[in-house]
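Following: one structure in structure tokens, then a few remarks.
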Amino acid sequence: MKSIESIIPSRRHFMSAAAMAMATVQLGLVVSARAQPGNTQAGVAGQGSAAGFAPLKQVDAGLLRVSYAEAGPADGPPVLLLHGWPYDIHSFVEVAPLLVQAGHRVIVPYLRGYGDTRFLSDATVRNGQQSAVALDMIALMDALRIDRAVVAGFDWGARTANIMAALWPERVQAMVSVSGYLIGSPAANRMPLPPKAELDWWYQFYFTTERGQAGYEKYRRDFNRLIWQLASPQWRFDDATFDRSAQSFDNPDHVAIVVHNYRWRLGLAEGEARYDALEQRLAVAPAIAAPSITMESDANGAPHPDPKLYAAKFTGRYEHRHVTGGIGHNLPQEAPQAFARAVLDAARF
């Protein structure tokens, strides 16, 4: 495997055009001339690129036909990259070439309710609870015959990675989690927060109402663009970057999954009995023994815990990294070099 120094350039030394071209050919990407990753130390909040993944693949996995991007050698050590809400696989479009160039097989799936991922049956409950999403990813690994992988993500993707590492430690070689430990439960979420913290969760309360569900259905693109702006106040993304990801919100199950997720968190919507045993294990906030790197950014406008509050939840080899430079909530897309470096370092753990 190549050294990280040869893959991710420092502040003063960027990839040559030839090296970047080679990485993008391997990944099957079409990258615009300005699609340069952010600064090595801090990342650079920019507009993002207009790049897109090559034609996606699909596989039946558990309850879903999962749509996913795949790149890198088929026999390379696998990395599973998981997006959050309201984002999509393009959060990793500049991370993936760096991992491919290091020899990794990179899998980037659309979660349930996003992109072209679909339920195999119309009768399946459109359930957004945390254990259901995590079990989807275990089913995906099974379908792709991946025994173990480095799992990395942010927002819903970070929570999913946390759950996979806690409940299926034999499947997670190492983990990278933006905003740290995010496993929760409806019981824990019943505890009131100080008013300022409650204000930060305004959209969660909006989704508890029928007006909120109707509003999200009608204005989902406007709504999610606002979330991008609030969660990453210094990220100057352009229309093309947002529109590329916004197509994933047209999934027919998107609104139902998102609304159920937030209502379930507050105990206002039932989960499914099939996940009860998993949720009982998660309700005790289990420790994570997998080698882990957590990350936080200096301009994250979304609700996120203080790293000091969750450090003890990681009982294996552990490191926390603070990313500066005006980086917001969508850390992989805003600071792709810093995120890729964390994934490669965690893989070496």
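The values are calculated or read from the model by the stated rules, or taken from the named source; none is laboratory data. Computed from a prediction, not measured in an experiment: that's the story for all the values here. Every residue, glycine as well, gets a Cβ built from its backbone with ideal geometry; the counts of neighbours run over all protein chains shown.
Annotations for the structure displayed:
- Criterion applied to Gly267, Gly271 was being buried (at least 18 other Cβ atoms within 10 Å of the Cβ) and assigned to a loop (DSSP other than H, G, I, E, B), and the one residue passing it is Gly271.
- Only one of the listed residues (Ala74, Ala69) is of a type in the set (A, V, I, L, M, F, W, C), touching a residue at least 12 places away in the same chain (Cβ under 8 Å) and in a strand (DSSP E or B). That residue is Ala69.
- Of all the numbered requirements in (1) part of a loop (DSSP other than H, G, I, E, B); (2) farther than 22 Å from Arg221 by Cβ, Gly113 misses one, and that requirement is (2).
- Matching option when the condition is among the acidic types (Asp, Glu) and part of a helix (DSSP H, G or I), among Asp142, Asp147: Asp142
- Filter result for Leu193 (farther than 22 Å from Thr160 by Cα and in a helix (DSSP H, G or I)): no
- In the stretch 245-255, the residue that is farthest from the chain's Cα centre (by Cα) out of those that are part of a helix (DSSP H, G or I) and surrounded by fewer than 18 Cβ atoms within 10 Å (Cβ to Cβ) is Asp250.
- Per-region count, the stretch 192-211, residues under 20 Å from Gly301 (Cβ atoms) and free of Cβ contacts under 8 Å to residues at least 60 places away in the same chain: 11
Okay, residues lined up against (1) farther than 17 Å from Asp142 by Cα; (2) at pLDDT below 95; (3) out of contact with any helix residue (DSSP H, G or I) (no Cβ under 7 Å at 6 or more places or on another chain):
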position	(1), (2), (3)
Lys57	no, no, yes
Ala69	no, no, no
Asp75	no, no, yes
Gly84	yes, no, no
Val106	no, no, no
Gly113	yes, no, no
Asp116	yes, no, yes
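- Test result for Thr241, of a type in the set (S, T, N, Q), more than 30 Å from Gln173 (Cα to Cα) and over 22 Å from the mean Cα position of the chain (by Cα): no
- In the stretch 142-171, the residues that are aliphatic (A, V, I, L, M) and farther than 17 Å from Ala285 by Cβ: Ala143, Leu144, Ile146, Ala149, Val150, Val151, Ala152
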